[in-house]
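Colleague: Sharing a structure below in structure tokens format, with a few things to ask.
The values are calculated or read from the model by the stated rules, or taken from the named source; none is laboratory data. Nothing here was measured: the structure is a model prediction, and the numbers come from that model. Cβ coordinates were reconstructed from backbone atoms using ideal geometry, including for glycine residues, and neighbour counts include every protein chain displayed. What goes into the accessible areas is simple: the full protein's heavy atoms, side chains included, and nothing from ligands, DNA or RNA. Shrake-Rupley method; radii C 1.70, N 1.55, O 1.52, S 1.80 Å.
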Amino acid sequence: IVMIPEFKVYELKVMPQKKEAKVLKDIFIESDKELPSEKDIKEEVITEPSSTAESFDPNSVVVEEPTEEIPTIAVDFVQRVPVFPGCDEEADNDFLRSCFSDKVSNFIRKKFRTQLASTLGLTGKLKIDTQFVIDEYGKVNEIKVRAPHLGLKKEALRVINLLPEMLPAKQQHKTVKVRYNVPIIFLVQ
């Protein structure tokens, strides 16, 4: 380390050589005082590696690749839709799309408590819009619900959260996230 009295050292470049390191004169300093002359700044050859130089191994540097953002695709446009449990994963995509849609609809129909609407004093035709993502692991998340009443919104959230884990969708042989919309419509008299 080069020490220059009464000056602030901002950067010190060390150029490694085979078994020695050479401290260069490229030092950035900040001071109102007069700079030292060239002869006052000495080159110093370091033959004994410092503890930090010993612990540094250039081969041990790990460069992290930027993580690839997994795209979210609408279920109607994905090459291979998610496979709901009970659907034949070997079937063609059109069959799987139909099976997926039927299974999700039947699941919601069985689990959703429609009598909640009359308990809340609601009548007529009610529509709850739901949207969710089946992620690259086949899990349901990013649930969004729009409903005419907070109680119905909570019920829709509860039911969508109950959906089972599925085989994830694929696009160009890679797993992808899929966005799916399900309107829940029922009549309360």
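Colleague: From V188, V176, grab the single residue that is crowded, with 19+ Cβ neighbours inside 10 Å, at pLDDT below 95 and out of contact with any Phe, Trp or Tyr (no Cβ under 8 Å at 6 or more places or on another chain).
Modeller: Going through V188, V176 in turn, just one is crowded, with 19+ Cβ neighbours inside 10 Å, at pLDDT below 95 and out of contact with any Phe, Trp or Tyr (no Cβ under 8 Å at 6 or more places or on another chain): V176.
Colleague: Taking region 120-141 as the search range and keeping residues that are under 16 Å from P183 (Cα atoms) and without any contact (Cβ under 8 Å) to a residue 60 or more places away in the chain, which one is farthest from the chain's Cα centre (by Cα)?
Modeller: Per the stated criteria, the residue is K127.
Colleague: Then there's this: For V81, are the conditions met, namely being on the phi < 0 side of the Ramachandran plot, without any contact (Cβ under 8 Å) to a residue 60 or more places away in the chain and touching a Lys or Arg at 6+ places or on another chain (Cβ under 6 Å)?
Modeller: Answer is no for this residue.
Colleague: Let me ask something else about it. Using the structure shown, decide if D102 is part of a loop (DSSP other than H, G, I, E, B), open to solvent by 40 Å² or more (accessible area, probe 1.4 Å) and within 16 Å of V182 (Cα to Cα).
Modeller: Numbers: part of a loop (DSSP other than H, G, I, E, B): no; open to solvent by 40 Å² or more (accessible area, probe 1.4 Å): yes; within 16 Å of V182 (Cα to Cα): yes.
Against the criterion (part of a loop (DSSP other than H, G, I, E, B), open to solvent by 40 Å² or more (accessible area, probe 1.4 Å) and within 16 Å of V182 (Cα to Cα)), D102 does not qualify.
Colleague: Only residues that are surrounded by 14 or more Cβ atoms within 10 Å (Cβ to Cβ) and free of Cβ contacts under 8 Å to residues at least 40 places away in the same chain: list them for region 152-164, please.
Modeller: First pass over region 152-164, keeping only residues surrounded by 14 or more Cβ atoms within 10 Å (Cβ to Cβ): 152-153, 155-157, 159-160, 163.
If the condition is that a residue be surrounded by 14 or more Cβ atoms within 10 Å (Cβ to Cβ) and free of Cβ contacts under 8 Å to residues at least 40 places away in the same chain, then L152, K153, L157 are the ones that fit.
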